[in-house]
Amino acid sequence: MRMDWSLLTCARKGHITYAPDERPLRERLVVSSPVGDAWRCLRCGAYVHGDPHGSGPADRAPLVKRGKELRDAFIMRFFAVERLIRGLIVAVAAYGVWRFAQSRGSIEEVFEKEIPLLRPIADQFGWDLDHSKIVTSIRHVFGLEEKTLRWLAIGLLVYASVEIIEAVGLWLLQRWGEYFAVVATCFGLPVEIYELAEKVTVLRIGALVINIGLIVYIIVTKRLFGVRGGRAAHEAHLRSESLIEVEHAAADPDVARSPRPAAGSPG
């Protein structure tokens, strides 16, 4: 069974109806019943009793996302949530590094004091603490200068900010957010490829595939950077998929041969 994104959205947000001034089109969007007129929802196409939510010229009707566009919006917001979670995790890491830089001495003292206590337990499992990569890495961090740690914290904070801005733009379904997501993700690809070359893990492969998929998906579906006609073609496609346009074309065949301009545009 295919999910009806239009009905699902109307169930959550409610229907949207509109009464166009053009009589032939108006008659295709309303039916009379014993309890009053019912207007077609511009999103799901169902008839809804009561007064329309708006009225006026057909080219002033609200541009309502339907079907595939609603599915695309869901996917964009899925990526927005993923970016937000990543940004918050990195922000917490930045805070941890900053606090560590301030209290490194006391933390190192506790660490070195506890290591001898853990050695008998590690020996039982055949774990050589003195040559452990984890212990060696921690000691290497302790050897970093406080200034270096502070710059690392700042870098992590900047990265977290980029992820959060990207998440906001994608969640709001703004075109600037789509461009920002593509550019920011492209800048991160060389780092991910380098990490994958250092060591192949399922997590790193998955992250790289997700990011490449995001770039391709947004560029193609949203027609960024002039792809598939660019912004003008994207907006024309949205208008052509609206219920008002479909019914207008059915009421007046000439509309199908001569598309109407967007509201507010000349001509």
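In this structure, does His49 turn out to be surrounded by 14 or more Cβ atoms within 10 Å (Cβ to Cβ) and at pLDDT 85 or above? It would help to see each step written out before you state the result.
Details: surrounded by 14 or more Cβ atoms within 10 Å (Cβ to Cβ): no; at pLDDT 85 or above: yes.
In short, no.
Criterion first (more than 19 Å from Glu22 (Cα to Cα), under 23 Å from the mean Cα position of the chain (by Cα) and either modelled with pLDDT of 85 or more or of a type in the set (Asp, Glu) (or both)) does Ala181 satisfy it?
Taking the combined requirement at face value, the residue satisfies it.
Can you spot a residue in segment 92-112 that is without any contact (Cβ under 8 Å) to a residue 24 or more places away in the chain and under 30 Å from Tyr217 (Cα atoms)?
Within segment 92-112, one or more residues are without any contact (Cβ under 8 Å) to a residue 24 or more places away in the chain and under 30 Å from Tyr217 (Cα atoms).
Can you tell me which residue within segment 215-230, out of those that are assigned to a helix (DSSP H, G or I) and under 12 Å from Asp72 (Cα atoms), is least open to solvent (accessible area, probe 1.4 Å)?
Ile218
I'd like to verify a number: residues in segment 52-65 that are touching a strand residue (DSSP E or B) at 6+ places or on another chain (Cβ under 8 Å) and either surrounded by 16 or more Cβ atoms within 10 Å (Cβ to Cβ) or within 22 Å of Trp5 (Cα to Cα) (or both), how many?
Of the residues in segment 52-65, 5 are touching a strand residue (DSSP E or B) at 6+ places or on another chain (Cβ under 8 Å) and either surrounded by 16 or more Cβ atoms within 10 Å (Cβ to Cβ) or within 22 Å of Trp5 (Cα to Cα) (or both).
Given the conditions (1) free of Cβ contacts under 8 Å to residues at least 12 places away in the same chain; (2) over 16 Å from Val64 (Cβ atoms), which single one is not true for Glu22?
So the condition that Glu22 fails would be (1).
Looking only at segment 54-112, count every residue that is at pLDDT 85 or above and in contact with a Ser or Thr (Cβ under 7 Å, 6 or more places away or on another chain) and tell me the total.
Number of matching residues: 2.
Yes/no per residue for (1) open to solvent by less than 60 Å² (accessible area, probe 1.4 Å); (2) assigned by the TED database to the domain that holds Ala91; (3) touching a Lys or Arg at 6+ places or on another chain (Cβ under 9 Å):
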| site | (1), (2), (3) |
| --- | --- |
| Glu178 | yes, no, yes |
| Gly188 | yes, no, no |
| Ile210 | no, no, no |
| Gly213 | yes, no, no |
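Each row is one residue, and each column tells you yes or no for (1) surrounded by fewer than 20 Cβ atoms within 10 Å (Cβ to Cβ); (2) not assigned by the TED database to the domain that holds His53.
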{"residue": "Met3", "(1), (2)": "yes, yes"}
{"residue": "Leu7", "(1), (2)": "yes, yes"}
{"residue": "Pro20", "(1), (2)": "no, no"}
{"residue": "Arg23", "(1), (2)": "yes, no"}
{"residue": "Arg26", "(1), (2)": "yes, no"}
{"residue": "Leu29", "(1), (2)": "no, no"}
{"residue": "Pro34", "(1), (2)": "yes, no"}
{"residue": "Asp37", "(1), (2)": "yes, no"}
{"residue": "Leu42", "(1), (2)": "no, no"}
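Name the single residue that is modelled with the highest pLDDT among those in segment 194-207 being exposed (fewer than 12 other Cβ atoms within 10 Å of the Cβ), closer than 22 Å to Phe79 by Cα and hydrophobic (A, V, I, L, M, F, W, C).
Here the residue is Val202.
What number of residues within segment 9-18 satisfy the criterion of being of a type in the set (A, V, I, L, M, F, W, C) and surrounded by fewer than 18 Cβ atoms within 10 Å (Cβ to Cβ)?
Result for segment 9-18: 1.
The values are calculated or read from the model by the stated rules, or taken from the named source; none is laboratory data. The model shown is predicted, which means the values in this text are computed figures rather than measured ones. Heads up, the Cβs are rebuilt from the backbone with ideal geometry, glycines too, and the neighbour counts pull from every protein chain shown. Note: areas computed on protein heavy atoms with side chains; ligands, DNA, RNA excluded. Shrake-Rupley method; radii C 1.70, N 1.55, O 1.52, S 1.80 Å.
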